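To keep things clear, I will list the structure first and then write my remarks on it.
The values are calculated or read from the model by the stated rules, or taken from the named source; none is laboratory data. Bear in mind that the values here come from a model prediction, so they are computed numbers and not experimental data. Note that we place each Cβ from the backbone using ideal geometry, even for glycine, and neighbour counts take in every protein chain shown. Heads up: the accessible areas ignore ligands, DNA and RNA and are worked out on the full protein's heavy atoms, side chains in. Shrake-Rupley method; radii C 1.70, N 1.55, O 1.52, S 1.80 Å.
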Amino acid sequence: MLKGKTIVLGVTGSIACYKAAALASALVKQHAAVQVIMTRNATEFIHPTTFEQLTGRKALVDTFDRNFQHSVEHISVADSADMVLIAPATANVLAKLAHGIADDMLTTTVLACTCPKAAAPAMNTKMYENPVTQDNLKILEHYGWEIVEPAVGRLACGAVGAGKMPEPETLLEVCLHTLRHEKDLTGKRVLVTAGPTREAIDPVRFVTNHSSGKMGYAIAEAAAARGAEVTLISGPVELKAPRYVNVVSVTSAREMFEAVCAGSGQADIVVKAAAVADYRPAQIATEKMKKKDGDLSIPMERTQDILAYLGQHKKPGQFLCGFSMETENLVENSRKKLEKKNLDMVAANSLRQEGAGFGVDTNVLTLITSEGEQELPLMSKAQAADALLDAIVRRL
């Protein structure tokens, strides 16, 4: 997702430097060009060779290194940067950056950068909570920096509290959000539903389906990365909440219906990727149902049709996309849904097709509109989410 992007990774003097190595590796795996710049103190914790082996580039430390290919190296690095990330960021370097002090290779380069910038503070809790440090962080935010809040836990000094550098996975998410796509949905509000619902039988048992929520979560993350304000209404899943998305957690079809009704009126785009139960038990037992001899029959009743409601109440200019999981007659059944429920698009997939369906990390979608069908190849759900949004943006 970061192919063609150059990220300047600033590494400062903290025991958390070892996490920066894992981050550099993760960025390279996303095909980013990673230029590491280290402070002198950082080299006391981790050797520049580590980063050079991971990135394939010389790790810069000395402003006056005569082996540079350019006469003004810090300016050429700044000009090539698509993003700056300081991780770990010590209190000392944060103070320098906040006040424009440029006295080493890292700070002189960053001062010349006009690209998006982020910092991940890492320090003792008392240092982090010191009003001076907090003021410096506010100054950086005022100048457009994104400050990634440190994690809470046991620190190297033995104290317990805020100050741990966030995990590389979190910082990778920051980079992907910033760089993976142009911001062509800026100013738009997007509502996405994801995951299954659970319909209670009694206090112990429920009826559900195999949906993992991965497709809906990928769409929400992709929309946020394109600049949209995103609300994700999610059934019960085992997925981490996306960092830049407002997540509303629900359990039952009725709860999802109520949440969608509350949020859909403000949305410019609605993508309903959730696998909502079509039926629920007509009555929920207040006590656990005891096992008895013979068979058990549970009367079922229809749940609210959320997609039909959205189609009936679609406001002018609103784009409504539904999902259709089929086992036969994929296009025919999905096109009926498109017309019957007043949708702008249906993203259809077949449970019978390898690589598509529930629980996997890939999908094979057919995008159906009144104009025709667009068959997408097998791709990751993240790629499928971008392809889906590309098709929506073209029609807005």
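Select from the stretch 229-258 the residues that are in contact with a Gly (Cβ under 8 Å, 6 or more places away or on another chain) and under 22 Å from residue 181 (Cα atoms) and write down the one among them that is surrounded by the fewest Cβ atoms within 10 Å (Cβ to Cβ). Out of the qualifying residues, it is 231. Once the stretch 1-30 is narrowed to residues that are in a loop (DSSP other than H, G, I, E, B) and touching a Phe, Trp or Tyr at 6+ places or on another chain (Cβ under 8 Å), the residue that is surrounded by the most Cβ atoms within 10 Å (Cβ to Cβ) is 14. The residue pairs whose first member lies in the stretch 274-287 and is in contact (Cβ under 8 Å) with a residue 60 or more places away in the chain and assigned to a loop (DSSP other than H, G, I, E, B), whose second member is open to solvent by less than 30 Å² (accessible area, probe 1.4 Å) and among the polar types (S, T, N, Q), and whose beta carbons are closer than 6 Å, counting only pairs six or more residues apart or on different chains, are 274/193; 276/197; 277/197; 277/303. Do the conditions hold for residue 293, that is, is it without any contact (Cβ under 8 Å) to a residue 12 or more places away in the chain, open to solvent by 20 Å² or more (accessible area, probe 1.4 Å) and out of contact with any Phe, Trp or Tyr (no Cβ under 7 Å at 6 or more places or on another chain)? Taking the combined requirement at face value, the residue satisfies it. The residues in the stretch 31-44 that are buried (at least 18 other Cβ atoms within 10 Å of the Cβ) and not hydroxyl-bearing (Ser, Thr, Tyr) can be counted, and the count is 8.
Can you name every residue in the stretch 310-326 that is open to solvent by less than 10 Å² (accessible area, probe 1.4 Å) and closer than 21 Å to residue 386 by Cβ? So that I can check it myself, show each step before the final result.
First, the residues of the stretch 310-326 that are open to solvent by less than 10 Å² (accessible area, probe 1.4 Å): 310-311, 320-322, 324.
320, 321, 322, 324, listed by residue number.
Checked against the criterion of being in a loop (DSSP other than H, G, I, E, B) and under 24 Å from residue 393 (Cβ atoms), the stretch 228-236 has at least one qualifying residue. Can you spot a residue in the stretch 56-75 that is touching a Ser or Thr at 6+ places or on another chain (Cβ under 9 Å), polar (S, T, N, Q), modelled with pLDDT of 95 or more and open to solvent by less than 70 Å² (accessible area, probe 1.4 Å)? The answer is no; no qualifying residue exists. Only residues that are surrounded by fewer than 18 Cβ atoms within 10 Å (Cβ to Cβ) and within 30 Å of residue 266 (Cα to Cα) were counted across the stretch 327-365, and they come to 6.
Give the stretch 160-172 a look and list any residue that's over 30 Å from residue 3 (Cα atoms) and surrounded by fewer than 21 Cβ atoms within 10 Å (Cβ to Cβ), or say none. Give the derivation first.
We begin by selecting, within the stretch 160-172, every residue over 30 Å from residue 3 (Cα atoms); these are 160-163.
If the condition is that a residue be over 30 Å from residue 3 (Cα atoms) and surrounded by fewer than 21 Cβ atoms within 10 Å (Cβ to Cβ), then 160, 161, 162 are the ones that fit.
Checked against the criteria, residue 216 does not count as buried (at least 17 other Cβ atoms within 10 Å of the Cβ), in contact (Cβ under 8 Å) with a residue 60 or more places away in the chain and small (Gly, Ala, Ser). Taken together, the residues in the stretch 259-283 that are among the hydroxyl-bearing types (Ser, Thr, Tyr) and either open to solvent by 20 Å² or more (accessible area, probe 1.4 Å) or touching a Ser or Thr at 6+ places or on another chain (Cβ under 6 Å) (or both) amount to 1. For residue 271, the test of being touching a residue at least 12 places away in the same chain (Cβ under 8 Å) and assigned to a strand (DSSP E or B) is passed.
Looking at 61, 77, which is the one that is of a type in the set (Val, Ile, Thr) and free of Cβ contacts under 8 Å to residues at least 60 places away in the same chain? 61 is the lone residue from the list that is of a type in the set (Val, Ile, Thr) and free of Cβ contacts under 8 Å to residues at least 60 places away in the same chain.
Just to be sure, is residue 84 β-branched (Val, Ile, Thr) and either at pLDDT below 95 or on the phi > 0 side of the Ramachandran plot (or both)?
Details: β-branched (Val, Ile, Thr): yes; either at pLDDT below 95 or on the phi > 0 side of the Ramachandran plot (or both): no.
When the stated conditions are applied, residue 84 does not pass them.
Being surrounded by 14 or more Cβ atoms within 10 Å (Cβ to Cβ) and more than 30 Å from residue 291 (Cβ to Cβ) holds for only one residue in 157, 175, and it is 175.
Taking the criterion of being assigned to a helix (DSSP H, G or I) and surrounded by fewer than 20 Cβ atoms within 10 Å (Cβ to Cβ), the residues of the stretch 108-132 that qualify are 108, 111, 125, 126, 127, 129, 131, 132.
With the requirement that a residue be open to solvent by 20 Å² or more (accessible area, probe 1.4 Å), β-branched (Val, Ile, Thr) and not in a helix (DSSP H, G or I), what does the stretch 133-154 give you? So that I can check it myself, show each step before the final result.
Within the stretch 133-154, the subset open to solvent by 20 Å² or more (accessible area, probe 1.4 Å) is 134-135, 138-139, 141-147, 149, 151-152, 154.
Applying the additional criterion that residues be β-branched (Val, Ile, Thr) yields 139, 147, 152.
Selection gives 147, 152.
Of the residues 89, 98, 78, the single one that is crowded, with 22+ Cβ neighbours inside 10 Å and of a type in the set (A, V, I, L, M) is 89.
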